1. Between Q433 and residues 5 or more places away or on another chain, which pairs have amide H atoms under 5 Å apart, with H built 1.01 Å from N, and which residues are they?
2. Write down the percent of antiparallel bridges among all DSSP beta bridges whose residues are both part of the chain, to the nearest 5.
3. Give the residue list of trypsin sites (Lys or Arg not before Pro) in the stretch 349-432 that are DSSP loop and have at most 15 other beta-carbon atoms within 10 angstrom.
4. Taking only DSSP H segments of four or more residues, each worth -39500 (n - 2.57), what value at 222 nm results for the chain once the sum is divided by all its residues, to the nearest 500 deg cm²/dmol?
5. In whole percent, and with a 1.4 Å probe on the protein chains, what portion of the accessible area of the stretch 307-401 is carbon and sulfur?
6. Taking the Cβ of V289 as the centre, find all other residues whose Cβ is under 11 Å away and add up their charges (Lys, Arg: +1; Asp, Glu: -1).
7. Taking the highest mean first, how do the peptides 458-467, 192-201 order by number of other beta carbon atoms within 10 angstrom per residue?
8. Can you give the local net charge around L341? Use residues other than it whose beta-carbon is closer than 11 angstrom to its beta-carbon, Lys and Arg +1, Asp and Glu -1.
Amino acid sequence: MSVNSQHACNLALFGALGDLSRRKLLKALYFLDDAGLIHDDTRIIGIARQEMDDAGFIDVAKENLERFIKAKELKKNVLERFLKRLSYVTIDMTEISGYEKLAEKLKGDDKPMIAYMATPPSVFGDICSNLDKVGLNKSPNRVVLEKPLGKDLASSQEINDVVAAHFGEEQTYRIDHYLGKETVQNLIALRFANNLFGSQWNQNHIDHVQITVAEEVGVEGRWSYYDKSGQMRDMVQNHLLQLLCLLAMDPPFDLSADAIRDEKLKVLRALKPITTETINTHAVRGQYVAGNHQGKPVPGYLEEDGANLESHTETFVAIKAEISNWRWAGVPFYLRTGKRLPSKVSEIIVQFKQQPHYIFAPDQRNLAANKLVLRLQPDEGISLQIATKDQGLDKGMRLRSGPLDINFSEAFKQDRTPDAYERLLLEVMMGNQSLFVRRDEVEYAWRWVDQIIDAWDQSNEPPKKYQAGSWGPVSSIALISRDGRSWNEDS
Ligand code: BG6
């Protein structure tokens, strides 16, 4: 890609020995290098507190790449080239001396430095202020922030203030890795490049929308971390609301970062608050109890290692969200996400309304409404259910419903769909903020989420129990069936 030839940089990876970096970031950078998307002069500097030299870090990186990349995808020549880009600086995040070493290393190098914070937010402040002290905070240098950005509006404002004291908003890239997923990108193309959908995308034609992000895993040894957040803060505040924004926003005037983010913000501002009056009809929180996963017994949330038996933290959330504007009046957006559900699937269902007058057999009424399915994972793709006439002389005018299907990896002959982090790292290196979340978006999302959490706290009702390996508590079915609808059964 020629566009990237102008985008050489120094990528300073804070938290380079942590889990995110080992599992995801190094691997994503390797694949970008393999695809020829990293400039020859780009350098990657691992940064962590542990004493280590360049060779030690290169060994760690090699070991992790060999562990997390399939042998057939790990090419010797690419690996060699990639490892040559790496070096290491020991920095205790709170001590200025390490940053001075970093500044010394980068002296006379005019490439932008990207400070990627794969660290807990508690050290963002120290890192930013120390980078400022050694003069590494000036544009075009950038800072990339990983979630969680706070646990409520107030704490997220604190984090944002600390960063903003040293880096401008145009230098700040807040990651929501869902925005880097292929199908999420495609949502924009689908809506705004196809009049067929663009013209129908409103309350006149759409009955309702469902967003499901289901995971099979439980909390996987991170009980005490997860227990402080829960599914609402961990998944809804960011990933599900970002998907909702891209589905519901008005057309931006162009594809620039702020044009897109302005439109997303309007959706967040138009979300109808869920309060103590509406919490029971509009939101359900659940917590898994022991059950089965792939035929094997698995423990409940309160039986996981390190669990506190009193915990009311939710591992499942279902919400009926409503958007108060002309486009979406009367169209519910049902959100559902949880741990220990039957399968890992993320999908969006856009259910279209039926034609105003129905003329086919009475028992086939439900086939005569189009359903658009956007699969984020697994098997990224888009499918549109349409009704046609069943073939055969003996069938009369019987309808059948079938999919018009695009499977991305088959359609575009790809062996692998790039991971979200590959796209996001590439965009940061190119200085494009479109796929990153602006401060006001984060804060409006927290405003809406905080109200729901407050309403739950005030209700004093514990989360509803659901069996591991099921689709969540019975009340989540009631949430949608009360409106005469049901969750997509093909999930
Ligand atoms: C993260 C959450 O942001 O997203 C995790 O903190 C969750 O709890 C993960 O498991 C899911 O991401 P993906 O891409 O696997 O759907």
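The values are calculated or read from the model by the stated rules, or taken from the named source; none is laboratory data. As the structure is a prediction and not an experimental result, all values here were calculated from the model. Note: ideal-geometry Cβ built from the backbone for every residue, glycine included; neighbour counts use all protein chains shown. Keep in mind that these areas ignore ligands, DNA and RNA; they rest on the heavy atoms of the full protein, side chains included. Shrake-Rupley method; radii C 1.70, N 1.55, O 1.52, S 1.80 Å.
1. Those lying under 5 Å, H to H, from Q433 are A257.
2. Working: 42 of 74 bridges.
Percent antiparallel among DSSP bridges in the chain is about 55.
3. On the way: sites: K353, R365, K371, R375, K389, K395, R398, R400, K413, R416, R423; in loops: K353, R398, K413, R416.
Of the trypsin sites (Lys or Arg not before Pro), the ones in loops of the stretch 349-432 whose Cβ has at most 15 other Cβ atoms within 10 Å are K353, R398, K413, R416.
4. Working: 16 runs with 161 residues, N = 491.
That calculation yields -9500 deg cm²/dmol at 222 nm.
5. Numbers: 2490 of 4690 Å².
With neighbouring chains kept in place, the figure for the stretch 307-401 is 53 percent.
6. +2
7. Values: 458-467: 15.1, 192-201: 13.1.
Ranking, from highest mean packing down: 458-467, 192-201.
8. Values: positive: R336, K339, R340, K344; negative: E215, E216.
Local charge sum for L341: +2.
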